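Enquirer: This is the structure, below, for whatever I ask next.
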Amino acid sequence: MGKNDTRVLMRFAVLTMVLTAAITVKEVTSLTLCKIDTDDMQKCRPAVTGNNPPPPVNECCVVVKSADLACFCRYKFYLPILGIDPSKVAALVAKCGVTTIPRNCRA
């Protein structure tokens, strides 16, 4: 085997390992955060993004009502990084009928 053949083989091996790792990671994409599954959070994404978000769907409100809001609010400062406006999250919580807002969620 020449040097070029060895390089091609090594690149193929590295590509195979990366794809295998990606497939493995893809299978474990859902996490539980503050009593809600991260996949379930996607049900609320339309209601907290964009300039004029639609009202939350019923499935979203089920997620909001089951969440540990005091825990979730610890992450509120990271929401803009994800393209989520924290004030829209507050509106979402109210639209879903949650009236008890933890202290760390206010202001």
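The values are calculated or read from the model by the stated rules, or taken from the named source; none is laboratory data. Since this is a predicted model, take the numbers as computed values, not measurements. Using ideal geometry, Cβ is built from the backbone for each residue, glycine included, and neighbour counts are taken over all protein chains shown. Protein only, heavy atoms only, side chains kept; ligands, DNA and RNA dropped before computing areas. Shrake-Rupley method; radii C 1.70, N 1.55, O 1.52, S 1.80 Å.
Enquirer: What pairs come out if I take residues in region 45-59 that are open to solvent by 90 Å² or more (accessible area, probe 1.4 Å) and pair them with residues that are outside any helix (DSSP H, G or I) whose C-beta lies under 7 Å away, six or more apart or interchain?
Expert: Once the first residue is open to solvent by 90 Å² or more (accessible area, probe 1.4 Å) and sits in region 45-59, its partners that are outside any helix (DSSP H, G or I) give 59/43.
Enquirer: Taking the residues in region 92-107 that are of a type outside the set (A, V, I, L, M) and at pLDDT 90 or above as candidates, determine which candidate is farthest from the chain's Cα centre (by Cα).
Expert: 97
Enquirer: Of the residues that sit in region 74-98 and are among the basic types (Lys, Arg) and closer than 15 Å to residue 54 by Cβ, which one is surrounded by the fewest Cβ atoms within 10 Å (Cβ to Cβ)?
Expert: Of everything passing the filter in region 74-98, 95 is surrounded by the fewest Cβ atoms within 10 Å (Cβ to Cβ).
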